[in-house]
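Here, each number is a calculation from the coordinates, and none is a lab measurement. Predicted, not measured: the structure shown is a model, and the values here were computed from it. Reconstructed Cβ throughout: ideal geometry from the backbone, glycine too, with neighbour counts over all protein chains shown.
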2 protein chains.
Amino acid sequence: MALGRVPLILFISFILRDGTALSLDLEGLNEQAATHITGQKLNEIFDHLATYSDTVRPGITRLVFTERDMEARVYIKGLMKEAGLVVREDIMGNTFGRWEGSDPKAGTVMSGSHSDTVKLGGPYDGALGVIGAISAVKFLRNQGFQPVKSIECIMFTTEEASRFSIPCLGSQGMTGFLKPEVLDTFKDDNGSSFREAANAAGFTAASAQEFADKALMKDTDSIAAFLELHIEQGPHLEAEKKDIGIVEAIMAPALLRVEFTGRGGHGGGMPMSHRNDPALAASELAILNEKVTLATGADESVSTFGLWDIKPNFYNAVPRSVRVDIDIRDSDKERRDSIITQTLDGAKAIAAQRKCGHTGEIKFEYPIATSDKKVLKAIQRATDALGVSSKRMVSRAYHDAAFMAQLAPTAMIFVPSKDGLSHHPNEHTAPDELARGVQTLALTIAQLAGSGPASDKSEL
Amino acid sequence: MALGRVPLILFISFILRDGTALSLDLEGLNEQAATHITGQKLNEIFDHLATYSDTVRPGITRLVFTERDMEARVYIKGLMKEAGLVVREDIMGNTFGRWEGSDPKAGTVMSGSHSDTVKLGGPYDGALGVIGAISAVKFLRNQGFQPVKSIECIMFTTEEASRFSIPCLGSQGMTGFLKPEVLDTFKDDNGSSFREAANAAGFTAASAQEFADKALMKDTDSIAAFLELHIEQGPHLEAEKKDIGIVEAIMAPALLRVEFTGRGGHGGGMPMSHRNDPALAASELAILNEKVTLATGADESVSTFGLWDIKPNFYNAVPRSVRVDIDIRDSDKERRDSIITQTLDGAKAIAAQRKCGHTGEIKFEYPIATSDKKVLKAIQRATDALGVSSKRMVSRAYHDAAFMAQLAPTAMIFVPSKDGLSHHPNEHTAPDELARGVQTLALTIAQLAGSGPASDKSEL
């Protein structure tokens, strides 16, 4: 699927797709990347990482702060050290591998993702962004590349919500989005809180507040860029036979929780005229929510009534309570806010009309992320230099990058997901596709960090 | 709550509520019944019966063919024998206690109910109709009453659906409504079928068909009447301060099962335009079903979307399948059939419009029962003779009587349920209320069986 590769040499003028000519400082890295970053080498690492799992492959289960997660962390920190990086961890277990640039004041280019998985997930969701960043940096080092800006590889703690029901805890903590007051309210299947599990894993804090205070990154202005390489988790790249997705926005979700209550009663005994059936109220709301979502006319406006908790849920009992969790996403904040408002107002009106009890709240509301134009351009240059095909797209799933994007110039790089599958044992990306993703990441990092002694100017 | 009692003596003319004068053959039984049938005596039996329970009182759990049920059966058969009845059992465990009338060809008056309970039920649901019939017959015997028709007390096997998910198995078997092809498909929590449990309890059949064939009553024309005494399981008698409910119809349910399917997908990844969300289809159907049920304008038309089985039921996953069980009841068959048809047709149209997969079927459809006018009149006479207040009503719950009514002149007698509660440990009926129910039953049986040597004519 890769197009013919064009070797680039130092300071050769290169015609970009958009017709502009830019001076690129890639020193032939594109050629070398295609040779040295291979799917086979990467899969040796992924295959080993996949052994840290509480389930047998193909299903991989590595929940945060379990023994398997701690073993995987040791392995990944080893990879960072092997790549010549200086490793540090923050209070929440976010792990950083740093390569000091020639100009320590020029800022830092960061790249990473998470190493935890869902229950019975696959080998690449998250892991690709961590292993990919380390492999890219190791490649640059081996090529004698000397970055002007510093480079940091990141492994975020628990992007998946599989153990504590809240996604992106590590990146939320680093970026100031973590709400300490709710952190203790979510427990795992054994009743442990994040704090208890973190403390047991050696990341010790006396309170949720301490996590939030100490994980928060201080000098965020110094983050020159953040890049996250990830599998697409959707079918578009595969369907359109594109190698690389260049992600322009992340459709972060808001979660509404609406509960209707009624007096219930026997399915025969309670006349229709006496009922205030919460399942009928929720049904009306589902139809209303679909209507207002479709009314935006935007493909990126989506709402999902995915979870229905109906009690007592017996065929001849009129429901007494129905709780629905409604996932609302958009690439545009104004549109998303409008759907939220109309849905919550609708719930109130339906409850009043049906004489049901009712609560409605925004359970969480993640920031919509818009990618940085210069970072996008650097990714585009990398794919063009590598001669791989690419597609501008939005991420319909959220990522740690959604939080990083609120503070730093950010973009994501996607590689194809076979059949669009993720969070599934059959999650798969072909070795060449993995390699092209890491090659693209390496060349993008190189451009953004800049090459040479401290006096040289980097691209950003 | 009892009005002043008027002693009736042999062949005295009595003015009925409806203004007609009828010759009653109650031989002063009304006076004696009020004296000899007491709440205290009845509750001694109920208290003992309640000890046959797998849970501690107040919650009573006696599922069919468990050890506790078998112990209760031995106790109840003992009570039948004590009352001078000849006991027999059919292949399904339906148990009969027979008092031969002076004219064996004059037919049989039957009365009974069930002795099994739901999980954590109360002491009277079912048991009142069994113990009440035996107590009524014992009273009549002690009074020297000599019936013309034979009298049979019945204990039906498993009216409750708590072990095998199908209600009224015993009475369905006796009346030809049992479907052998489905009997084996329902299993208890341990995976045992009714046949396996029955065989283990000593009721042996080689197949479900054998149960159906051998339990079926043969000479059903000889059933002169069937009476079932039961707690109301609703709030009407208590609210209106009436002693006795005279049940004119039983609103038996039909159960529809509709399943919608769709392709599911990630709550972010799947655009609205690509969805065929089965939960939205089910929501539309719930609203449509409510509309067509209300449109009958009849208080006795009720529909309940009680059970929603939504998969995968996760907040950011578009549902892949939704199965709803819809309980539809009415006292009028034509109205109920119309609601069923409109609901199933609506499901089909909604599925087509939303491009969902779809199945829709009538899972079961129990016969609506209309009480026999002569039996109703006999109950009315009994309450009038006893000087207790009464109310004509429909049963909004179903009973074994619903099946018996398809073959024989039938009616039910209700006593109040405190707070309308049943299928609940707090199920309660006051001792005097229990006694008035059994007194009414005794006097009704006496009228319907007729008194005297074979040459005398009975009332029916």
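When you filter the trypsin sites (Lys or Arg not before Pro) in the stretch A:241-299 for DSSP loop state and at most 13 other Cβ atoms inside 10 Å of their Cβ, you are left with A:241.
With a cut-off of 15 Å between beta carbons, the residues surrounding residue B:341 carry a summed charge of -2, where Lys and Arg count +1 and Asp and Glu -1. Kirkwood analysis of chain A, using all unique Cα-Cα pairs, places the hydrodynamic radius at 23.4 Å.
Dividing the helix sum by the residues of chain B, where each DSSP H run of 4 or more adds -39500 (n - 2.57), gives a mean residue ellipticity at 222 nm of -10500 deg cm²/dmol.
The simple spin-label model puts a point 7 Å past each Cα toward its Cβ; for residue B:88 and residue B:362 those points are separated by 3.4 nm. Filter the trypsin sites (Lys or Arg not before Pro) in the stretch A:59-129 to those in DSSP coil with at most 10 other Cβ atoms within 10 Å of their Cβ, and list the result. Qualifying residues, ordered by number: none. Placing a label point 7 Å from the Cα of residue B:239 along the Cα-to-Cβ direction, the distances to the matching points in the other copies come to 5.5 nm, shortest first. Under 5 Å between amide hydrogens, built in the peptide plane, is the criterion, and for residue B:410 it picks out B:226, B:372 among residues at least 5 positions away or on other chains. Label separation (residue B:56 vs residue B:348): 5.6 nm, computed from points 7 Å beyond Cα along the C-beta direction.
Per residue of A:324-337, other chain Cβ atoms within 10 Å of the residue Cβ number 2 on average. Put simply, the C-alpha atoms of the stretch A:253-365 give a gyration tensor, and the ellipsoid matching it has half-axes of 28, 12, 11 Å, longest first. Computed from backbone phi, the HN-Hα couplings of the stretch A:429-446 come to 9, 5, x, 5, 5, 4, 4, 5, x, 6, 4, 4, 4, 4, 5, 6, 4, 4 Hz, rounded to whole numbers (Karplus: 6.51 cos²θ - 1.76 cosθ + 1.60, θ = phi - 60°; Gly and Pro given as x). Segment residue B:392..residue B:291, full-extension length gain: 33.5 nm, with 0.36 nm per residue of separation and the alpha-carbon distance subtracted. Gain on full extension, evaluated as 0.36 nm per residue between residue A:100 and residue A:181 minus their Cα-Cα distance, stands at 25.5 nm.
Remark: the residue A:426-residue A:165 segment gains 91.6 nm on full extension, using 0.36 nm per residue and subtracting the alpha carbon distance.
In the neighborhood of residue A:42, defined by Cβ-to-Cβ distances under 14 Å, what is the net charge if each Lys or Arg adds +1 and each Asp or Glu adds -1? Here the count lands on -1. Name the residue farthest towards the positive end of the dipole of chain A from the options A:413, A:274, A:118, assuming +1 on Cβ of Lys and Arg, -1 on Cβ of Asp and Glu, about the Cα centre. Of the candidates, A:274 comes out farthest on the positive side.
On C-alpha positions alone, give me the angle between the axis of helix B:67-82 and the longest principal axis of chain B, in degrees, nearest 10. Orientation of helix B:67-82: about 20 degrees from the principal axis.
For the residue pairs B:187/B:391; A:41/A:187; A:291/B:291; A:311/A:348; A:355/B:418, the C-alpha atoms sit more than 28 angstrom apart in B:187/B:391; A:41/A:187. Counting only alpha carbon atoms, the long axis of helix B:127-142 and the longest principal axis of chain B meet at about 10°. Across all C-alpha atoms in the stretch A:37-156, the radius of gyration and Dmax reach 14.5, 46 Å. Between residue A:48 and residue A:190, the modelled labels are 2.8 nm apart [label points 7 Å from Cα along Cα→Cβ]. For q values of 0.06, 0.09, 0.10 Å⁻¹, compute log₁₀ I(q)/I(0) with the Debye formula on a Cα-only model of the protein assembly as shown, without solvent. Those come out to -0.57, -0.91, -1.03, one per q. The calculated P(r) of the stretch B:121-252, using every Cα pair and 10 Å bins from 0, goes 10, 32, 33, 20, 5, 0 in percent. The orientation-averaged projection of the convex hull spanning the C-alpha atoms of the stretch A:307-400 amounts to 9.6 square nanometres.
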